[in-house]
Amino acid sequence: MPKHHLTRVLDAVMPRYAADFQCAGSACEDTCCAGWKITVDAPTLKAYGGVTHPQLTDRLKRCVTPVPKQERRAGGDPARLELDPASQCCAFLEQGLCAIHRDLGEDYLSNTCWSFPRHARELASQVEYVLDLGCPEAARKALLAENALELIESPVTLRPVALAKLVPQAGLSPLQVNEIRGFCFQLMQIGDLLPWQRLVLVGHLCHQLDLLIGKRASLDIDAFLGDFVQQVESGSMLEKLASSTVSFGQQAPLFFKLWQGQAERKNSHAQELIQKAVATGLGVDSIRTGQPDWGVVIRHYGAGLTRLDDALGHAPSLLDNWLRNEMFRETFPFGAASPYRHFLGLIARFGLLRLMLAGVCNAGGETDAAMLVRTTQVCSRLYPNPSFSTKAAQALSVLGFDEPQRFAELLRT
């Protein structure tokens, strides 16, 4: 039988959890196709035309539809799989399993289906591999183990077409890009600091890096990073963090409105349960509430954050691991128009995740590790980078939260 898609086994740098990942199959509570547009590439579409399977042939003809030319981007996929209106899942989903995968094999999956939750890229002649935490099983693997985000080298099977080739920006060499990325990872592992405090330090780094790049001069990255280390070690930055004040009155309305950005989305059952719990915990009827009582939302948000601190005792690595996974997955801080814009998108998503976790913790009953992971997975699924991050960064700019001196106000709890 001819292969429709080439695959290769490559050595890749990846978080430790990614090497152990296996799809949960029919046990998955939020399948990969739930609520998403699933495109079909040309080789897969051609393969579907030759399928003679008695249970699939007619369904493929009905449920694989052309993408109108006016909707298709240059080089975009020519077709898509239609979703079932009731379940918001692919029409080929049967008892939690994809009938195409089960009856025809992995080679008949489109690149879209085959790739998720995988992300693979090549930078500085090195393949990197990581998983999207919108996948429930990937989220469990990544968020609960303390060493899950340790980087290791391991073989991985990839379709070459799914391997992104990254081109460094702003005149930086691939080695300089990786040096800055590695330094950001080190900042996120500074002992005795909370995740939000580490994020503030990363924000100052990204702001200063933007200013340096804007000068369009020769970039001495070693000198730049050495100067930043001196700023941190002098204690001035950490003193400002310690003296900053908590501002739930600023945080809650901002992140609540970002949460409402998906109010019109049609969710899977698992996603809807989480969104309802968030609403309950924040003191509103639903995500679609038009004019909430902000006093109620702010009080519920504060109470939820207190309960979240207790709940994180069941999953102490969750917030740190989520941040480090997203930074590695997004090639932070080089996955947006500039390092600083990338940082703004990241803190907006972090604040949104924390609001959702606070809402769930405040919804009643004890919140265990499984519920924390499920909430984080749904947040990752419904508010993905870069589409959400771009809009969120714009919102921070409009409200004046894009200034370094306001980071602590936005993040401190």
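Gain in length, residue 240 to residue 215, computed as 0.36 nm per residue apart minus the alpha-carbon separation, to one decimal in nm?
Working: separation 25, 0.36 × 25 = 9.00 nm, distance 2.73 nm.
Taking 0.36 nm per residue and subtracting the Cα distance, the gain is 6.3 nm.
Let me check I've understood the local charge: for residue 76, count other residues with C-beta under 11 angstrom from its C-beta, Lys and Arg +1, Asp and Glu -1. What total comes out? Don't skip to the end; give the middle numbers.
Details: positive: 69, 72, 73, 80; negative: 41, 71, 77.
Spelling it out: positives minus negatives among the neighbours equals +1.
If the rule is a partner Cβ under 4.7 Å, which cysteines in the chain fail it?
23, 28, 32, 63, 89, 98, 113, 135, 184, 206, 361, 379
Of the listed values [x] 21.4; [y] 24.6; [z] 22.8, identify the label whose number matches Kirkwood radius over Cα pairs in Å calculated from this model.
It is the value labelled [z].
So what is the calculated 222 nm ellipticity per residue for the chain, using -39500 (n - 2.57) for each DSSP H run with n of 4 or more, over all residues, to the nearest 500 deg cm²/dmol? Write out the running numbers ahead of the final one.
Values: 18 runs with 204 residues, N = 413.
Theoretical 222 nm ellipticity from helices: -15000 deg cm²/dmol.
Find how many whole Å separate the alpha carbon centroid of the stretch 10-31 from the alpha carbon centroid of the stretch 34-89.
Centre-to-centre distance over Cα atoms comes out at 25 Å.
Each residue of the stretch 218-224 in turn: what ³J(HN,Hα) in whole Hz from Karplus with 6.51, -1.76, 1.60 and θ = phi - 60°, glycine and Pro shown as x?
Rounded to whole hertz, the list is 5, 9, 9, 5, 4, 5, 4.
With a cut-off of 14 Å, note down the residues of the stretch 93-137 whose backbone N falls inside the zone around a label point 7 Å from the Cα of residue 19 toward its beta carbon.
129-130
If I stretch the segment between residue 293 and residue 150 completely, what's the gain in nm (0.36 nm per residue apart, minus their alpha carbon distance), one decimal? Mind showing how you got there, number by number?
Values: separation 143, 0.36 × 143 = 51.48 nm, distance 4.32 nm.
In short, 47.2 nm is gained.
Mind checking the full-extension length gain between residue 395 and residue 286? Use 0.36 nm per residue of separation minus the Cα-Cα distance, one decimal, nm. Mind showing how you got there, number by number?
Details: separation 109, 0.36 × 109 = 39.24 nm, distance 2.21 nm.
Working it through step by step, the gained length comes to 37.0 nm.
I need the shape label for the stretch 244-411. Rule: rounded when a/c is under 1.5, else prolate if a/b > b/c, else oblate, with a, b, c from the alpha carbon gyration tensor.
The shape class here is rounded.
Rounded to the nearest 5, what % of the DSSP beta bridges within the chain are antiparallel ones? All intermediate terms of the calculation are to be shown ahead of the outcome.
Values: 23 of 28 bridges.
For the chain, the DSSP antiparallel bridge percentage is about 80.
Using each residue's phi in the stretch 28-41, evaluate 6.51 cos²θ - 1.76 cosθ + 1.60 at θ = phi - 60° and report the 3J(HN,Hα) Karplus result to the nearest Hz, with x for Gly and Pro.
These are the phi-based 3J(HN,Hα) values: 5, 8, 8, 4, 4, 8, 5, x, 10, 6, 10, 8, 10, 6 Hz.
With a 10 Å radius around each residue's Cβ, average the other Cβ atoms per peptide and rank 320-330, 40-50, highest first.
Details: 320-330: 22.4, 40-50: 17.2.
So the order, starting with the most tightly packed, is 320-330, 40-50.
Could you tell me the calculated FRET efficiency between residue 84 and residue 366, based on Cβ-Cβ distance and R0 = 30 angstrom, to the nearest 0.05?
Plugging the Cβ-Cβ distance into 1/(1 + (r/R0)^6) gives 0.30.
Set the Förster radius R0 to 22 Å, insert the Cβ-Cβ distance between residue 403 and residue 231 as r into 1/(1 + (r/R0)^6), and round the FRET efficiency to 0.05. Mind showing how you got there, number by number?
Details: r = 17 Å, r/R0 = 0.79.
With R0 = 22 Å, the Cβ-Cβ based efficiency is 0.80.
In whole Hz and in residue order, list the ³J(HN,Hα) couplings for the stretch 14-25 that follow from phi through the Karplus curve 6.51 cos²θ - 1.76 cosθ + 1.60, θ = phi - 60°; x for Gly and Pro.
Each residue's phi maps through the Karplus curve to give 7, x, 4, 5, 5, 5, 9, 6, 9, 4, 6, x Hz.
Roughly what would the spin-label model give for residue 10 and residue 310, points 7 Å off Cα along C-beta, in nm?
Distance between label points: 4.8 nm.
Can you count the Lys pairs in the stretch 8-165 whose Cα atoms are under 20 Å apart, with each pair 8 or more apart or on different chains?
On the way: 37/46; 37/61; 37/69; 46/61; 46/69; 61/69.
Lysine pairs satisfying the spacing and distance rule in the stretch 8-165 number 6.
Since every read-out is calculated from the coordinates, none of them should be taken as a lab result. What you see is a predicted model, and the numbers here were worked out from it, not measured in a lab. Positions of Cβ are backbone-derived with ideal geometry, glycine not excepted, and every protein chain shown enters the neighbour counts.
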